[in-house]
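Some notes on the structure that comes next.
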Amino acid sequence: MERRSGEKLGKNDKLIDRRDYLKVLGSSVVAASAVSAASGTAAAAEYDTITVGQNERRSISVGSGETLENVLIDVSASGADLLIRAEGDNWTIRNVGIKGQFDVGEDNGYGYVFRFDGNGLIENVYLGDGFKWGISSKGAMLSGPEHAGHVTIRNCYVAGWSDNAIYAAGSGRVSGPGQTDGQGGNYTFENCYFRDNNISHLRLAADGTTVRGCVFHNTGNVRPEMNTSAGDSDVVNSRGIYTGYGDPSQVITVEDCDFNLTGTNTCSTDEWDYSICSSSVAQSSTHSTYGDCSTVSIENSRINGRTIGEFVEVRSSTETGPDAPNISVPAGVPQSAEEAAGDSASSTDSTTTTSDSTTDTTDTSTGSVLSITGADGQVTNYEFAVTGSLEKSDANNATIDSGDELSGSSATGAVAGGTDSYVFEGDFTTFTLDGAATVTVDGTEVDPADLVTAESTDEPDVLSITGDQSSSVVRYEVTVSDEITKTTANDATKDPSDDISGTTAEGAVGGGTDSYEIVGDILNLTLDGPATVTLNGTEIDPSDFGFDNVITISGGSPQNQLEYEFSVSDGLQKSDANNATIDSEDQISGTTAAGKVAGGSDSYTFAGEITSFDGAADLTVTVNGSAVDPSSL
């Protein structure tokens, strides 16, 4: 079930260079130093947040001597895609968290999220939300045959990818005896956590590559590969380390690692329909095209699973079944995008576990543990919110599924015979189940109806938008000050085409209802047709909610187009005020807008203040009808 190397990235959009990226990122900064108390971390570094918009393809380039660090990149929007490209010497990618599941794969976007070669360091990176199955396929990291240096990858969390977690075999590829089309570059992988990845968790072939102190683990949630190079579909072949290239003289050394990759924990879920499903700890044999493959030497490791091929050597390792590996996330590895961006995992000693794979690996000293266990053969959806912090957890044998959604202090998900667990603080403001499930708090079974107490405060408001059945589809957009999440209140449906980006929701209603739980104030609410809008059951007038400020940018000509970019402190939206045109090439990312004028005007409504403005000196800018000097903004 071998996959092609994925080097076909020529179709990708042109990369922006590091200076361009810093300009964009610097103007859309969300400073963040708060980390959930349940993580056990007292403090974290400030980091920047950049949101990739709906159907946007974002490219970031890191070159020689450059560093990309302390960044959270949100790709939750539908169609959002991202490629981070590092090449050259002495580059560094550090403290980077990728938040949200990708729904764009190799067929219509980038095949991998990271691509790198040369000499560099990747550390403290979170790629654990993975890729949504059913579109095409996608991998987390790729290093191609042109790699001739050495790259170290450590303290990384990589989970939920259908087309290799990290593909780094091309540099060791040989085309015949004494002939190579790979440049021989190698790698060191240290203290990384790999979970539920298909094809391979690590695909490696180059001599001198070392894998040390890493964990490889499946939980029954490996996404099938939809179309393999062999012509098969819906295939799971999850290998911990897979070569596929090289020759036996090239040795990959594996030291002090834990492998728990079996048919039971790979192929046991009812979620997927498999045509083929298999797993292995390591595989290296003979490739039909390239001949004998590289040697995988496994030393002083704990193994539950099989090895395949004559070129896998196991020395001084324990092979005693499921209790042998320690499958907890290694200390220092971030378990969320926020932890990675804030570098909070590396400054905290995680709770260690014994060889018992069912041991609770979450530090719950500052929070309580909620566990929801479903009934066999029945899918039960749940939704809840708390007043304090909230984190996913693997307590009580729970799986941390990328399909469950956590937004601030609210969570939605589903169980079907398994368990979902969370660490939380505060009181429950909502809790709903649509089927049978057992709910416990700190090990004690509770009635879900009793969880929401009269003393709970800061309960979210419910905003509902109901379409007029006699009219066409009505599109809407709503922005709030603090938090917005989907809900099924008031018989609403959760339409996957509706989109939440930050504190702004966009969607459409025909004759049905869309509902949201909101925290804070409604900053803006727009409709393009007739609909009924209620807040906590009381009808409201959308015209009462809108951004108070208008900025208009004019100038240029068809022969002299003038570019601009600005940021505001709160909500931002395009507008046709002052006879402006709304052009598709002008872009909004969070609270930052970028565009150009060619003799006409662009207008935006916004809340708060203008925090930065960058543009040509001969632009004409008005704010709330008054001309302003762009350099003074």
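Residues of the stretch 611-629 that are part of a strand (DSSP E or B) and either surrounded by fewer than 20 Cβ atoms within 10 Å (Cβ to Cβ) or of a type in the set (Lys, Arg) (or both): THR611, SER612, ASP614, THR620, THR622, VAL623, SER626, ALA627, VAL628. Inclusion of PHE613 among residues that are within 26 Å of GLU56 (Cβ to Cβ) and touching a Leu at 6+ places or on another chain (Cβ under 8 Å) is warranted.
Can you say whether ASP514 is acidic (Asp, Glu), surrounded by 14 or more Cβ atoms within 10 Å (Cβ to Cβ) and in contact (Cβ under 8 Å) with a residue 12 or more places away in the chain, as far as the supplied structure shows?
On the way: acidic (Asp, Glu): yes; surrounded by 14 or more Cβ atoms within 10 Å (Cβ to Cβ): yes; in contact (Cβ under 8 Å) with a residue 12 or more places away in the chain: yes.
Against the criterion (acidic (Asp, Glu), surrounded by 14 or more Cβ atoms within 10 Å (Cβ to Cβ) and in contact (Cβ under 8 Å) with a residue 12 or more places away in the chain), ASP514 qualifies.
From the list ALA454, ALA508, which residue is modelled with pLDDT under 85 and either among the hydrophobic types (A, V, I, L, M, F, W, C) or not in a loop (DSSP other than H, G, I, E, B) (or both)? Quick ask: steps written out before the conclusion?
Details: ALA508 fails: modelled with pLDDT under 85.
When all the criteria are applied, what remains is ALA454.
The single residue among VAL446, VAL423 that is buried (at least 16 other Cβ atoms within 10 Å of the Cβ) and either at pLDDT 85 or above or of a type outside the set (Phe, Trp, Tyr) (or both) turns out to be VAL423.
Looking at (1) modelled with pLDDT of 85 or more; (2) open to solvent by less than 30 Å² (accessible area, probe 1.4 Å), find the lone condition where ASP586 falls short. Evaluating ASP586 over (1) modelled with pLDDT of 85 or more; (2) open to solvent by less than 30 Å² (accessible area, probe 1.4 Å) leaves (1) as the failure. Being among the small types (Gly, Ala, Ser), under 17 Å from ASN221 (Cβ atoms), at pLDDT 85 or above and buried (at least 16 other Cβ atoms within 10 Å of the Cβ) is a property that SER402 lacks.
Listed here are the residues, each with its yes/no results for (1) within 24 Å of ILE199 (Cβ to Cβ); (2) touching a Ser or Thr at 6+ places or on another chain (Cβ under 8 Å); (3) open to solvent by less than 10 Å² (accessible area, probe 1.4 Å).
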{"residue": "PHE102", "(1), (2), (3)": "yes, no, yes"}
{"residue": "GLU106", "(1), (2), (3)": "yes, yes, no"}
{"residue": "PHE116", "(1), (2), (3)": "yes, yes, yes"}
{"residue": "GLY130", "(1), (2), (3)": "yes, yes, yes"}
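Let's see how each residue does on (1) more than 23 Å from SER472 (Cα to Cα); (2) touching a residue at least 60 places away in the same chain (Cβ under 8 Å); (3) open to solvent by less than 80 Å² (accessible area, probe 1.4 Å):
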{"residue": "ILE522", "(1), (2), (3)": "yes, no, yes"}
{"residue": "GLY529", "(1), (2), (3)": "no, yes, yes"}
{"residue": "ASP544", "(1), (2), (3)": "yes, no, no"}
{"residue": "ALA580", "(1), (2), (3)": "yes, no, yes"}
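Inside the stretch 309-340, residues that are surrounded by fewer than 19 Cβ atoms within 10 Å (Cβ to Cβ), of a type in the set (A, V, I, L, M, F, W, C) and over 23 Å from VAL158 (Cα atoms) make up a count of 1.
Starting from residues that are polar (S, T, N, Q) and touching a strand residue (DSSP E or B) at 6+ places or on another chain (Cβ under 6 Å), keep the ones in the stretch 546-574 and report whichever is surrounded by the fewest Cβ atoms within 10 Å (Cβ to Cβ). Give the derivation first.
We begin by selecting, within the stretch 546-574, every residue polar (S, T, N, Q); these are 549, 552, 554, 557, 559-561, 567, 569, 573.
The next check asks that each one be touching a strand residue (DSSP E or B) at 6+ places or on another chain (Cβ under 6 Å); those that pass are 549, 552, 554, 561, 567, 569, 573.
Details: ASN549: 17, THR552: 21, SER554: 18, GLN561: 14, SER567: 24, SER569: 12, GLN573: 19.
Among them, the one singled out is SER569.
Any residue at all in the stretch 599-608 that is farther than 28 Å from SER76 by Cα and in a helix (DSSP H, G or I)? Among the residues of the stretch 599-608, not one is farther than 28 Å from SER76 by Cα and in a helix (DSSP H, G or I), which makes the answer no. The set of residues from the stretch 174-197 being over 20 Å from GLY144 (Cβ atoms) and among the polar types (S, T, N, Q) comprises just one member, ASN191.
The values are calculated or read from the model by the stated rules, or taken from the named source; none is laboratory data. This one's a predicted model, so the numbers in the text were calculated from it and none came from an experiment. Methodologically, a virtual Cβ is constructed for each residue, glycine included, from the backbone with ideal geometry; neighbour enumeration extends over all protein chains shown. Note: accessible area is taken over every heavy atom of the protein model, side chains too, but ligands, DNA and RNA are not part of it. Shrake-Rupley method; radii C 1.70, N 1.55, O 1.52, S 1.80 Å.
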